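These notes concern the structure reproduced below.
The values are calculated or read from the model by the stated rules, or taken from the named source; none is laboratory data. Fair warning: this is a prediction, and the values are worked out from it, not measured in the lab. Positions of Cβ are generated from backbone atoms using ideal geometry, with glycine treated the same way; all protein chains shown enter the neighbour counts. We work out accessible area using only protein heavy atoms, side chains counted, and drop any ligands, DNA or RNA first. Shrake-Rupley method; radii C 1.70, N 1.55, O 1.52, S 1.80 Å.
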Amino acid sequence: MPGLPRPITVPSRGSASGRGLRHPEPPKTPVAPVQRRRRRETAAAWAYVSPAVLIILGLGVVPVAWSLLLSFQVDDLVTPSRWTGLDNYAALAQDPHFAQAVGNTVLYTLLYVPLSILFGFLLAQALNRRIRLVGLYRTLVFVPFVLSATAQGVLFSFILDPQFGAANSLLHHLGVSPQGFLTDPAQALLVLVGITLWSGTGFCVVVYLAALQDVPPSLVEAARLDGAGTWRVLRHVTLPAITPVTAFLVLWQLITSLQVFDLVYVTTKGGPLGSTTVIVYFVWEQAFKNFTAGYGAASAYVLALALLVVVLVLRVLRRPGKALR
Amino acid sequence: MTTRPARLEVPATRALPALRRPRLPFSPWHLLLVPLALVFAAPLGWLLLSSVMSNAEINRFPPALWPSHVDLAGFRYVLDNALFLRWFTNSLIVSAVTVGSNLLFGALGGYAFARMRFAGSRALLGLMVATMAIPFQLTMIPTFLVMKKLGLIDSLGALIVPSLVTPFAVFLLRQFFLSLPRELEEAAWIDGCSRLRVLFTIVLPLSRPALSTVAVLTFLSTWNDLTWPLIAVNHDTTYTLQLGLTTFQGQHHTNWAAVMAGNVITVLPVLLAFLGAQKTFVRSITTSGLKG
């Protein structure tokens with residue numbers, strides 16, 4: 001009777017009975033049907049997850065350990081590596097280029113994260129209303145986000161070209177003297193922040209728009225009936241309601257800005273005078289340009305640990321806020 | 001009945017227009033939003049305009065801000081370049097395979113984690129989710145070494161294998177499958193349907209929002225990626241479009257019209273996909289944003 005046992009294939013019950021029950025009847029078949037089915041199910045489950053497990057763990061967990069080992073070695077990616085203990089980390093602590101890369105990354109992050117979230121929130125406020133063409137505005141604000149950093153980089157190197165670029169041409173019309181932009185060590189990092197704000201603010205806008213639509217209108221209405229003005233509604237209703245989204249955006253933008261690489265590679269290659277060398281660029285340069293992979297791995301580990309600390313601090317900071325409400 | 005109160009209000013509404021008369025015929029928000037939208041649109045507009053300018057117009061100072069006529073020399077130059085078409089094909093292959101395999105393996109894995117019981121599944125899922133938090137630069141050097149050991153460096157395989165399936169795809173699809181009512185699937189099991197058939201004929205057709213989210217985000221990240229191709233590929237016949245574009249800029253920096261034409265072609269698939277499925281795109285970004 002192959003059709004009979006089928007109806008009781010609810011997985012939870014099957015697993016409980018399979019382990020607990022001892023069949024009282026004489027073992028006519030070598031394996032009880034329930035057990036056999038369970039075994040087949042386990043085999044099937046492993047077959048389903050194995051591609052994902054092999055690739056994700058093989059290329060996710062293994063490299064983390066490998067990277068740690070590498071960071072204690074001298075490795076040029078070709079010849080066998082040599083164990084040097086903490087030498088790489090000691091050298092990093094002394095390396096002015098690494099210090100500069102850390103400084104640049106921190107400055108970039110401190111500018112980009114708050115500004116993108118602030119602009120994103122303000123724009124979402126402006127775009128969260130029923131006026132004509134609002135769909136078009138939303139599209140225009142968001143489109144830069146889907147462009148690759150390469151495309152952005154190529155486009156802005158063209159626009160900001162000191163001699164032939166449209167930006168200086170516009171400034172010329174306005175009577176402002178031509179700027180160096182990406183070729184000026186004092187401006188390059190700020191210009192990069194500007195480019196990422198152009199492309200990244202749309203993401204914050206979209207996330208905030210989704211969040212604003214979830215703010216219960218009844219709350220806003222109640223506050224208005226109680227005589228609250230625009231500012232107080234914002235302060236006491238909207239902002240608290242979207243706090244979780246803001247926390248998410250802080251974390252997300254932080255992670256993306258600490259990992260910025262493509263745009264730097266395309267526009268400035270870390271220059272001029274190292275003014276835009278960010279940490280990931282430094283890691284890439286060490287490993288794949290200077291072929292000091294161990295040194296690169298060590299600097300990547302420093303960044304990863306810094307990220308971990310930042311995430312943990314943010315978590316701790318978020319908790320009391322939640323408890324208050 | 002309702003007309004009477006309305007009539008009573010007439011004096012009031014008549015008084016108001018006197019106050020509102022100097023107001024604009026449109027919402028004042030447009031005064032803020034039009035310049036802002038221009039700021040976001042201008043660089044893109046300039047990309048399109050400069051791609052159809054002649055080099056003479058681009059190279060004079062100050063450069064022309066509007067093309068005198070549509071000049072397709074840049075596009076012709078790019079499309080005559082056999083390597084450029086190769087890069088386009090490479091990008092297309094890598095993105096298509098990556099999207100397809102993420103949907104397939106993500107669905108299989110996600111379904112097993114959502115509906116099937118096997119020893120260690122929770123720990124395994126936890127570990128896979130944890131790998132989402134590993135920063136890419138930590139894994140990029142060893143991943144390069146793994147690809148080298150596998151003999152894949154300098155082939156499209158090196159570009160595809162590391163992103164065949166992402167923890168994001170598995171996790172997102174699992175969460176979605178959990179939200180589906182079990183009863184539908186149980187009915188099919190009782191009728192003697194196999195697990196795999198249940199997945200493909202019942203679960204996946206119901207999961208289109210989640211599948212499109214995975215497809216959109218996988219396509220965006222693969223098509224737009226520069227870092228990994230830069231590391232994994234050295235020979236220009238295996239370049240992707242993004243990587244090719246960076247070399248293009250250096251080699252042909254006098255031919256800006258061609259560079260911009262190449263840039264337009266690079267962003268075109270993403271732009272078309274976005275404009276064609278804007279709702280799907282935005283929903284993908286927000287769901288991944290709010291839950292990932």
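A few points about this structure:
- In the set (1) over 30 Å from B:LEU79 (Cβ atoms); (2) within 11 Å of another protein chain (Cβ to nearest Cβ), B:LEU178 fails one condition alone, (2).
- Filtering A:VAL146, A:VAL78, A:VAL113 for residues that are more than 7 Å from chain B (Cβ to nearest Cβ), among the aliphatic types (A, V, I, L, M) and within 21 Å of A:PHE261 (Cβ to Cβ) leaves a single hit, A:VAL113.
- Some residue of the stretch B:192-209 being among the hydrophobic types (A, V, I, L, M, F, W, C) and in contact with a Pro (Cβ under 7 Å, 6 or more places away or on another chain): no
- Scope the stretch B:90-142; condition among the aromatic types (Phe, Trp, Tyr) and in contact (Cβ under 8 Å) with a residue 12 or more places away in the chain; matching residues: B:PHE105, B:TYR111, B:PHE113, B:PHE136
- Filter result for the condition that a residue is closer than 30 Å to A:VAL141 by Cα and either hydrophobic (A, V, I, L, M, F, W, C) or in contact with a helix residue (DSSP H, G or I) (Cβ under 7 Å, 6 or more places away or on another chain) (or both), over A:SER116, A:SER81: A:SER116
- Residues in the stretch A:280-301 that are open to solvent by 10 Å² or more (accessible area, probe 1.4 Å) and within 10 Å of chain B (Cβ to nearest Cβ): A:TRP284, A:GLN286, A:PHE288, A:TYR301.
- Condition met for A:VAL237 (buried (at least 19 other Cβ atoms within 10 Å of the Cβ) and under 12 Å from A:ILE117 (Cβ atoms)): no
- With a requirement of 1 or more residues that are closer than 28 Å to A:ASP184 by Cβ, the helices (runs of 4 or more DSSP H) lying completely within the stretch A:202-283 that satisfy it span A:243-258, A:262-267.
- Helices (runs of 4 or more DSSP H) completely within the stretch B:170-261 that count 3 or more residues being modelled with pLDDT of 90 or more and out of contact with any Cys (no Cβ under 9 Å at 6 or more places or on another chain): B:208-224, B:227-232, B:241-251
- B:THR98 being more than 9 Å from chain A (Cβ to nearest Cβ), β-branched (Val, Ile, Thr), under 27 Å from A:SER257 (Cβ atoms) and open to solvent by less than 20 Å² (accessible area, probe 1.4 Å): yes
So that you can scan it fast, the table gives a plain yes or no per residue for (1) among the β-branched types (Val, Ile, Thr); (2) assigned to a helix (DSSP H, G or I); (3) at pLDDT 95 or above:
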{"residue": "A:LEU68", "(1), (2), (3)": "no, yes, no"}
{"residue": "A:PRO80", "(1), (2), (3)": "no, no, no"}
{"residue": "A:ALA90", "(1), (2), (3)": "no, yes, no"}
{"residue": "A:ALA93", "(1), (2), (3)": "no, yes, no"}
{"residue": "A:PRO114", "(1), (2), (3)": "no, yes, yes"}
{"residue": "A:ARG132", "(1), (2), (3)": "no, no, no"}
{"residue": "A:LEU136", "(1), (2), (3)": "no, yes, no"}
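- Scanning the stretch A:154-178 for residues that are open to solvent by 60 Å² or more (accessible area, probe 1.4 Å) and not aliphatic (A, V, I, L, M) yields A:GLN163, A:PHE164, A:HIS172, A:HIS173, A:GLY175, A:SER177, A:PRO178.
- Of all positions in the stretch B:68-77, none carries a residue that is at pLDDT 90 or above, closer than 30 Å to B:LEU164 by Cα and basic (Lys, Arg).
Every residue, every condition in (1) surrounded by 21 or more Cβ atoms within 10 Å (Cβ to Cβ); (2) assigned to a helix (DSSP H, G or I); (3) more than 7 Å from chain A (Cβ to nearest Cβ); (4) among the basic types (Lys, Arg), yes or no:
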| residue | (1), (2), (3), (4) |
| --- | --- |
| B:LEU108 | yes, yes, no, no |
| B:ALA130 | no, yes, yes, no |
| B:ALA133 | no, no, yes, no |
| B:THR139 | yes, yes, no, no |
| B:THR143 | yes, yes, no, no |
| B:ILE153 | no, no, yes, no |
| B:GLY157 | no, yes, yes, no |
| B:ILE160 | no, yes, yes, no |
| B:VAL165 | yes, no, no, no |
